[in-house]
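A.B. asks: Have a look at this one.
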Amino acid sequence: MGENHAQRQAEVAALRLGLDLGMTLIDTAEMYGEGGAEKVVGEAIAGRRDEVFLVSKVYPHNATRQGVVEACDRSLKRLQTDSLDLYLLHWRGAVPLTETLAGLQSLKQAGKIQSYGVSNFDRNDMEEAIALPGGDEIVTNQVLYNLMNRGIEWDLLPWSRDRNIPTMAYSPVGHSPAEQKGLFQNSQLKAIADRHRATPTQVALAWLLHQEGMIAIPKATNPDHIQENRAALELTLTTSDLTELDRIFPPPRRKTSLAMR
């Protein structure tokens, strides 16, 4: 969002519809539209800030001790709010994690963020981070995770669950048009969806949402897609469904590189 001014009002309306339907976590980042997305979100939540769990992310190159504070201030200004509920390091860069964590802690102490976490961290990154000062306050890791990208199940997801660190799944129904097409046109997935009078998208989201400590953040600007996503909350998959999904989209059998987009 926030990349095309002509679409701004439709994007604002989409976010407000999501709020109306009770989907109150909004995830954005300074990278999206180079701040444009945050401006869209700021307009959408005007007068409704108390309803929203607001998440944004900082560029790695801005994540020095002072840089993360300045980046957060810019995000807050674009979002027209005085505090974020959650602030994430978008991915790991060249800045030492000790610096980033120090900056995040100062933001939390100042009340500009309520909590902080990371994004695109694999298990070794997480182990290193939580061992550092302030690392024990990391509350989540946002990673690419969906039926077609299950690599985190090998070690990262169990490790996180053992430590009660929730996972935020981005691109929950595919991270590229080709991948989404492959998912939506999968005849076996369609058969499961048909049994529930649902869509493949809803099955893919329901599969994520049935998991403990899992948060799914699908992007949608089309009102029909927003309604479709919301309806996934009402879909309960059976044990047989889950077994079949494991057969169609097998879990990992070895360690793989963390999927990113």
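A.B. asks: Out of ARG163, ARG195, report the one residue that is over 30 Å from ASP136 (Cα atoms) and out of contact with any Phe, Trp or Tyr (no Cβ under 6 Å at 6 or more places or on another chain).
C.D. replies: None of the other options fit; the residue is ARG195.
A.B. asks: Would you call ALA178 surrounded by fewer than 16 Cβ atoms within 10 Å (Cβ to Cβ), of a type in the set (A, V, I, L, M), without any contact (Cβ under 8 Å) to a residue 60 or more places away in the chain and in the same structural domain as LYS255 (by TED's automatic domain parsing)?
C.D. replies: On the way: surrounded by fewer than 16 Cβ atoms within 10 Å (Cβ to Cβ): yes; of a type in the set (A, V, I, L, M): yes; without any contact (Cβ under 8 Å) to a residue 60 or more places away in the chain: yes; in the same structural domain as LYS255 (by TED's automatic domain parsing): yes.
Taking the combined requirement at face value, the residue satisfies it.
A.B. asks: Looking at the structure I just gave you, is THR199 outside the structural domain of LEU54 (by TED's automatic domain parsing), at pLDDT 95 or above and over 30 Å from LEU97 (Cα atoms)?
C.D. replies: yes
A.B. asks: With LEU209, LEU245, LEU183, LEU235 as the choices, which residue is in contact (Cβ under 8 Å) with a residue 40 or more places away in the chain, aliphatic (A, V, I, L, M) and either assigned by TED's automatic domain parsing to the domain that holds PHE121 or more than 21 Å from ARG16 (Cα to Cα) (or both)? Working first, answer last.
C.D. replies: Values: LEU209 fails: in contact (Cβ under 8 Å) with a residue 40 or more places away in the chain; LEU183 fails: in contact (Cβ under 8 Å) with a residue 40 or more places away in the chain; LEU235 fails: in contact (Cβ under 8 Å) with a residue 40 or more places away in the chain.
Result: LEU245 is the single residue among LEU209, LEU245, LEU183, LEU235 that is in contact (Cβ under 8 Å) with a residue 40 or more places away in the chain, aliphatic (A, V, I, L, M) and either assigned by TED's automatic domain parsing to the domain that holds PHE121 or more than 21 Å from ARG16 (Cα to Cα) (or both).
A.B. asks: Show the residue pairs that are 6+ apart or on different chains and have beta-carbon atoms under 7 Å apart, the first residue being within region 190-204 and touching a residue at least 12 places away in the same chain (Cβ under 8 Å), the second being of a type in the set (Gly, Ala, Ser).
C.D. replies: THR199/ALA193; PRO200/ALA193; GLN202/ALA193; GLN202/ALA231; GLN202/ALA232; VAL203/ALA193
A.B. asks: Take the residues in region 107-125 that are touching a helix residue (DSSP H, G or I) at 6+ places or on another chain (Cβ under 7 Å) and not in a loop (DSSP other than H, G, I, E, B), then tell me which one is farthest from ASP73 (Cα to Cα).
C.D. replies: ARG123
A.B. asks: Here is a follow-up. Look at VAL173 and say whether it is of a type outside the set (D, E, K, R), surrounded by 13 or more Cβ atoms within 10 Å (Cβ to Cβ) and either touching a strand residue (DSSP E or B) at 6+ places or on another chain (Cβ under 8 Å) or outside any helix (DSSP H, G or I) (or both).
C.D. replies: yes
The values are calculated or read from the model by the stated rules, or taken from the named source; none is laboratory data. Computed from a predicted model, the values in this text were never measured in an experiment. Positions of Cβ are backbone-derived with ideal geometry, glycine not excepted, and every protein chain shown enters the neighbour counts.
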